[in-house]
Amino acid sequence: MFSRSWTFLFSAGLGLTVSIPRNEGPTAKTHDATYVGFTDTTYNVDIWAGIPYAKPPLGSLRLQPPEKYPAKGTIAAQTYGNRCFEIGTGVAPGGPVGSNSEDCLVLNIYTPAKCEGGKRSLHPSPPWPVMFYAHGGGFNQGSGNDYMAQSMVNHSVELKSPVVVVTINYRLSFFGFSAGTDAIANNALNLGLLDQRFAMKWVHDNIAAFGGDPEKVTIFGQSAGATSVGLQMTAYNGAHQDLFRAAILESGSPADTLPTPPPTWPTYQQAWDLVVEGIGCNGTSNVFKCVQGADTALLWAAINAVAAKAPLPSSIWPWQPVVDGKFVADFPSKLTAAGKFTKVPMIMGFTTDEVTYVIPTVFNISTDAFIVGLAQVVLPFIPLSVFEEIALLDPLSEFPDQGVGGTEWKRTTEIASDIFERCPGREWIRNVTQYSHTWKYRFNAIIPPDLAKAPWEKIVHASEIPYVWGPSTKPSINEPLDLALSRQVQKGWISFASFLDPNTLGDLSPGVGWPPYQDNSQNVMVFQKPDGSGEQGNGAPGTPVGQGLHVEHDFDDRPVCDYYAANDAAFVH
């Protein structure tokens with residue numbers, strides 16, 4: 001759920017433009033309109049890009065729930081749409097495809113172009129399962145445009161189990177996650193989550209026209225996208241609206257230790273007030289209407305100014321999901337513990353090192369006092385005694401010195417990973433496992449040097465993304481071992497989306513099946529290359545040469561995560 005999306009995490013992706021070999025022409029006719037897409041001839045994948053799924057949230061629709069787009073006639077879907085405004089970017093183009101705009105509520109659809117007998121069919125029998133993706137970026141960055149699904153769709157055809165992939169944009173930062181008294185009074189909470197839900201309903205109503213099966217939708221996401229998936233599971237106390245039948249959460253869950261507080265939380269109210277002041281709406285007779293009518297460039301400058309001086313660190317900008325009593329009825333951890341969520345099969349997992357990019361190596365971390373003090377700065381709402389106990393349960397002896405940031409830098413990153421990701425994730429999967437079949441993984445492949453920002457980050461948050469999406473998503477993997485691992489990961493995801501079991505299409509690696517996660521066994525699939533370049537669960541370097549995919553006991557089955565579960569009231573989630 002951290003702030004860095006794929007293109008922001010890996011510097012090679014910045015400023016990228018995408019050129020796709022294409023033929024024009026595939027059409028899909030829904031109840032309301034006919035959409036004309038194009039074909040990526042390299043992968044034999046049909047693409048419909050930039051399809052509006054809701055009215056542009058402009059003017060009186062700014063900071064309001066999404067409304068139905070009045071689609072009619074023939075609509076060209078051959079150009080990727082605008083990106084929603086992202087923290088740290090301007091009004092000028094801010095990413096690989098498309099520019100920043102409030103007019104950004106669009107989705108992209110990828111389907112097989114040639115299947116049976118090499119012929120195109122938009123009405124396959126049976127229709128294809130659908131994979132619906134929510135991007136990450138800390139609810140403040142990112143775009144569905146960053147994730148090109150041609151490789152995954154092409155691979156699904158090779159596996160004789162074709163899938164449709166949908167990627168979406170949803171409103172971010174102030175536009176999508178404002179809070180405070182004015183937002184409460186004007187029905188403006190959790191708008192980004194409502195956008196996601198609206199896009200899911202659009203897919204349910206229209207995907208059959210593109211060959212997809214609306215009854216076989218898997219929602220998946222990474223980081224904030226994974227948190228979003230979990231929040232869609234707990235939405236409205238888990239009221240099932242037949243919008244999805246399975247879920248995949250990559251490096252995130254709503255139980256993560258980032259605030260999911262009531263919308264009146266002082267930090268969030270302060271952020272609203274500062275933006276209002278920055279655009280000169282403070283003191284007006286109707287502050288909310290003033291904000292709705294503010295000039296976009298002026299408003300965006302004020303939002304970025306607040307983000308730069310956020311009362312929380314930049315990885316936790318003050319625009320996040322909140323407990324609104326409706327969509328997010330209560331703390332997500334409480335909802336899952338009470339069984340108030342949509343009970344569907346689920347895959348979830350994490351990278352070995354997760355938050356190594358969060359802790360600066362310029363610190364010379366060598367004492368427990370420094371670790372605890374740093375933790376209190378980042379998470380000031382958690383009692384000091386909790387951090388002190390967690391530090392005791394994550395002793396220095398378990399985590400090797402990485403040669404940067406002081407002798408206890410690696411230990412500090414592991415404590416942060418436990419608090420932010422792994423222990424909340426274990427709590428989440430244990431709750432879901434009481435009701436549904438679940439599988440867990442640890443992604444353990446160091447990304448190629450040309451994709452990494454720093455060698456000491458190792459198997460950092462988002463490392464699995466190029467392997468899930470394959471070489472069609474840039475920056476991409478190209479080496480044989482990386483491509484082989486990518487196909488193994490994709491096979492598991494495609495099998496799960498198609499059959500609700502990652503094993504149905506066969507072992508992901510010869511002789512290696514993926515057993516379900518259960519309380520009494522806690523099996524975890526380790527995705528790694530067989531060259532010995534992975535890491536042990538505690539980040540110690542090296543794995544046995546020749547050992548690729550294998551199953552291990554959950555590394556998160558440790559006293560520190562037991563303590564976390566027993567004291568979850570201390571964590572605002």
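Put simply, the convex hull of the Cα atoms in the stretch 201-241 casts, on average, a shadow of 3.2 nm². Using only side-chain charges placed at the Cβ, +1 for Lys and Arg and -1 for Asp and Glu, the dipole size of the chain relative to its Cα centre rounds to 1660 debye. Between H31 and A185, the FRET efficiency estimated from the beta carbon spacing at R0 = 35 angstrom works out to 0.45. Taking label points 7 Å from Cα along the Cα-to-Cβ direction, S397 and E277 give a separation of 5.1 nm.
Based on the Kirkwood radius over alpha-carbon pairs, what value in µm²/s does the Stokes-Einstein equation return for the translational diffusion coefficient of the stretch 506-573 at 25 °C and 0.890 mPa s? Roughly 175 µm²/s, to the nearest whole number. Calculate the FRET efficiency for K55 and F499 from the Cβ-Cβ distance with a Förster distance of 45 Å, rounded to the nearest 0.05. Taking R0 as 45 Å, the efficiency between K55 and F499 is 0.75. Ranked by the mean number of other Cβ atoms within 10 Å per residue, highest first, peptides 328-339, 485-496, 289-300 order as 485-496, 328-339, 289-300. Pairwise Cα distances in the stretch 287-384 exceed 24 Å for 53 percent of all pairs.
Per residue, the convex hull spanned by the alpha carbons of the stretch 452-551 comes to 124 Å³. Annotation: peptides 223-230, 276-283, 124-131, ranked by per-residue average of other Cβ atoms within 10 Å with the highest first, follow the order 223-230, 124-131, 276-283. Averaging 1/r across all pairs of distinct Cα atoms in the stretch 346-570 and inverting the result yields a Kirkwood radius of 18.3 Å. Treating r as the C-beta distance of D368 and A570 and R0 as 25 Å, the FRET efficiency rounds to 0.85.
For the peptides 143-156, 510-523, 471-484, the ranking by packing is 143-156, 471-484, 510-523, with the highest mean count of neighbouring Cβ atoms within 10 Å listed first. One equal scatterer on each Cα of the stretch 170-256, no solvent, Debye formula: the resulting log10 I(q)/I(0) at q = 0.14, 0.22, 0.24 Å⁻¹ is -0.54, -1.13, -1.24.
Taking the DSSP beta bridges with both ends in the stretch 346-570, the antiparallel portion is around 40 percent. Cβ crowding within 10 Å ranks D256, D556 as D556, D256, fewest other Cβ atoms first.
So for the chain: antiparallel DSSP bridges make up what percent, rounded to the nearest 5? Counting DSSP beta bridges with both partners in the chain, the antiparallel share is about 40 percent.
Throughout, read-outs are computed from the coordinates displayed, never taken from laboratory work. Bear in mind the structure is a predicted one, so any value in this text is a computation, not a measurement. Reconstructed Cβ throughout: ideal geometry from the backbone, glycine too, with neighbour counts over all protein chains shown.
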